[in-house]
Each structure stands twice: as C-alpha cells, then as structure tokens.
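The values are calculated or read from the model by the stated rules, or taken from the named source; none is laboratory data. Computed from a predicted structure; not experimentally measured. Methodologically, a virtual Cβ is constructed for each residue, glycine included, from the backbone with ideal geometry; neighbour enumeration extends over all protein chains shown. Ligands, DNA and RNA are excluded from the accessible area calculation, which covers all protein heavy atoms including side chains. Shrake-Rupley method; radii C 1.70, N 1.55, O 1.52, S 1.80 Å.
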Amino acid sequence: MNRKGMTLSQHLTESRLCGDGDMAGLLTTLASAAKRISREVNRAGLVDILGFTGEHNVQGEAVCKLDVLAHDMMIDALRPSGHVCALASEEAEHPLFLAPHEPRGPYVVLFDPLDGSSNIDAGITIGTIFSIYRAQSADATLSDLLQSGSRQVAAGYALYGSSTLFVYTAGAGVHSYTLDAGVGEFRLTHENLRMPERGTIYSANEANYPRWCAGVQRYIDALKDPDGPCTYSARYVGSLVADFHRTLLYGGLFLYPADPRDAPNGKLRLLYEAAPLARIAEAAGGRASTGSEDVLSLQPTALHQRVPLFIGSAEDVSAVEASIRQCAEPEPVATGR
Ligand code: AHM
Ligand code: MG
C-alpha cells in the first residue's frame, strides 16, 4: 500500500501508539490547533493581527498580536481535550494546572505557540513547537513540567510556510505531514525521516560571531577557509523551527551559541525549543548539544531557562563540540631543554 498521502488520523491509527493515555488523540488535538493557527497566519495581513500588542513577555521580548492569538488557540484546544493536566507556554510567565473539575489526562504539554515571531510581519516561515511528558499524577506540580528532555514521550512542531507542515515523533520514527488546505487534512509526506549523518549547510546569526567563544569561531572559520574543501553554504531564516526543519531534511548544523553580552546562557529556551527539537533530531539520527552536554540530558531548573544550542547532523554536532573542547583546554606548556 502506498502510505504516502494517508491522513494523519489514518497514520496515527496504524502506528498504534502505546502508553497509558490517548497519545493519538493528543496529537490530533495539536494538529487541529495547528490548522487553526495556520489559517490566522495565512490571513494575518487582511485582519488587524499583525504588529505588537505593546506588552512584553516574561523574557522581556515584545509580544506580537499573533503570539497571543496562537497561545490562546493552543490553550483553547488543549485545556478541554481531556488529554492534559498541565500546560506551559513560552508566552506565559506561569504554568496552567487544570483543576479537578476539568477533564484531565495523563500528559503535560509545553509549547512555543509561535516561534520566529520577528518574521511574522514579513510573511516568513514561522511555527509552533510542542513537547509532551507524562505527569506523575493528574494533580501535576511544577516538577512534572521540569523533566529532563530524555523523558519526553513525544515532541513535534507545525510549520507555517509555503506549505503548512506537521512533524512529530512519539518514539518510533519522525513523520512529516503536509496540510491539504482544500480538505483540511494533514497528509503523510515523509515517514521515518532520517537526518543525513553530515551536511553541507551551517545556520547561525553570524552577526554575533565576535562574541562567540573561540572554539565556535574556529569551527566556523574552518568551514569558510578558502584553502579548505569549502563545501558548506550558509542559510539562516531566523525562525528556529524553519532552520531546524531544513536541517532535518538536508543535514548540517544550526547553532545559537552563548554570547556574553546579549545571551550569556544562550537565547533559545530549553523546554519550549531546544528539548523538543533535540528529541526529534535524535529520533532521526541527529544530535543536539549545548556545546558540552547533550540537551536531552539536562535537568531543567526553571520553566523559561535558556541554553546554548548546537543541533543537526550527528557528525557536525560532534565536530563543533570537539572544537569547543579543544579551545577550552589549557595550551600545553612548552617543555624545551
Ligand atoms: P521567538 O520564539 O520569540 O520567536 O524567539 C526565538 C527565535 C528563534 O526562532 C530564532 O532561532 C532566534 O530567535 C532568532 O534570533 P536572532 O534574531 O537573534 O537571530
Ligand atoms: Mg521560539
């Protein structure tokens, strides 16, 4: 049977996702929210939802009207779904714990409702990233939201670009679906995606280069060395979810290193961005690192914690880690006679 083109619900039924909750139902809920957000993103210029609200979020960033709309749509879809007991959003300072009288399920979901906000008004690709864990009990607490990325039971994203895509992993492979907007269905376009072991693209905001550590600078210099093989190209959308999706398909490295002036702990958020994408990268054969540790091994200490991020093809991530390690090691002392 040609599986390509099957609907998300058909594919979820076939995949027989196991666990003590209705993971297929939760993913369907997230896909429905993505369809609604996609519709708003598509017509954003026609209605008054471009631009800023005038507010700043917990990270001090200016909030866009579409950020708020996407956040509300995610909460409105997930809260009554019966699949979750707690939610956390990059756009909200505090998590939402469902009350006992609300329909509660075994999962907690953390999400970035609209990643790449700075691109919204220019019609450039943006997305929604989500991360799913199992809670200890329906009376979830903050510790259920602060679990290490390795404990994620599923993760994924929706991409609002030239097509609307839905990508997820629930342990067995990474699958990608394209929205057939005419009929309102996500259809399978890539099953069991594998990231190339090495790529030829690096992706970074290179304006920050002067403030990267020597190991990262040296690694990027080597990729551009005119006397080297010069096999790499640079691509940077400025929406993590879009830069990651390209890296997933074509391979290479996305990096957002720490920057002592503007982002001493990195810019990207561990729980809403780095961990879910790390989960997908690893399920597709890639890697994600802070430069010295696997992202999935980190134990979060705060909901809105940031991390440096190096994510992509396994060999590219290991190579930049090696360069960082080398530069951190003390220079060998000359031992002349
Ligand atoms: P956002 O979630 O508020 O949009 O912020 C995160 C975004 C990422 O999508 C992207 O990789 C990064 O910030 C871009 O940062 P910069 O503009 O510094 O290059
Ligand atoms: Mg983001």
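Calculate, in nm to one decimal, what E102 and S318 gain on full extension: separation in residues at 0.36 nm each, minus their alpha carbon distance.
This chain segment gains 73.2 nm when fully extended.
Roughly how many Å² is the accessible area per residue of the chain, as a whole number, for a 1.4 Å probe?
That works out to 44 Å² for each residue.
Quick one: grab Rg to one decimal and Dmax as a whole number for the stretch 111-260, Cα atoms only, in Å.
Rg and Dmax of the stretch 111-260, Cα atoms, are 17.9, 60 Å.
Could you state the angle between the C-alpha long axis of helix 314-328 and the longest principal axis of the C-alpha atoms of the chain, as a value from 0 to 90 degrees rounded to the nearest 10?
That works out to roughly 50 degrees.
R0 = 30 Å: FRET efficiency of E93 with Y209, Cβ-based, nearest 0.05?
Working from the Cβ atoms, E equals 0.40.
From the alpha carbon gyration tensor of the chain, can you work out the equivalent ellipsoid semi-axes (sqrt of 5 times each eigenvalue) and give them in Å, largest to smallest?
33, 22, 21
Carbon and sulfur atoms: what percent of the 1.4 Å accessible area of the chain do they account for?
Here carbon and sulfur together make up 50 percent of the probe-accessible area.
If I stretch the segment between L249 and R151 completely, what's the gain in nm (0.36 nm per residue apart, minus their alpha carbon distance), one decimal?
32.8 nm
First measure r as the distance between the Cβ atoms of D227 and S297, then evaluate 1/(1 + (r/R0)^6) with R0 = 35 Å and state the FRET efficiency to the nearest 0.05.
So, using R0 = 35 Å, E works out to roughly 0.40.
Using a 1.4 Å probe and ignoring any ligands, DNA or RNA, find the accessible area of S318 and quote it in Å² to the nearest 10.
Near enough 50 Å² of accessible area.
Per the helix-only calculation at 222 nm, which mean residue ellipticity applies to the chain, given -39500 (n - 2.57) for every DSSP H run of n ≥ 4 and division by its residues, nearest 500 deg cm²/dmol?
When only DSSP H runs of four or more count, the value is -8500 deg cm²/dmol.
Please tell me which of these pairs span more than 29 angstrom C-alpha to C-alpha: K4/K224; K4/K65; K4/K35; K4/K267?
Pairs exceeding the cut-off: K4/K224; K4/K65; K4/K267.
Need one word for the stretch 255-333: rounded, prolate or oblate. Basis is the Cα gyration tensor (sqrt eigenvalues a ≥ b ≥ c); a/c below 1.5 gives rounded, then a/b vs b/c decides.
In terms of gyration-tensor shape, oblate.
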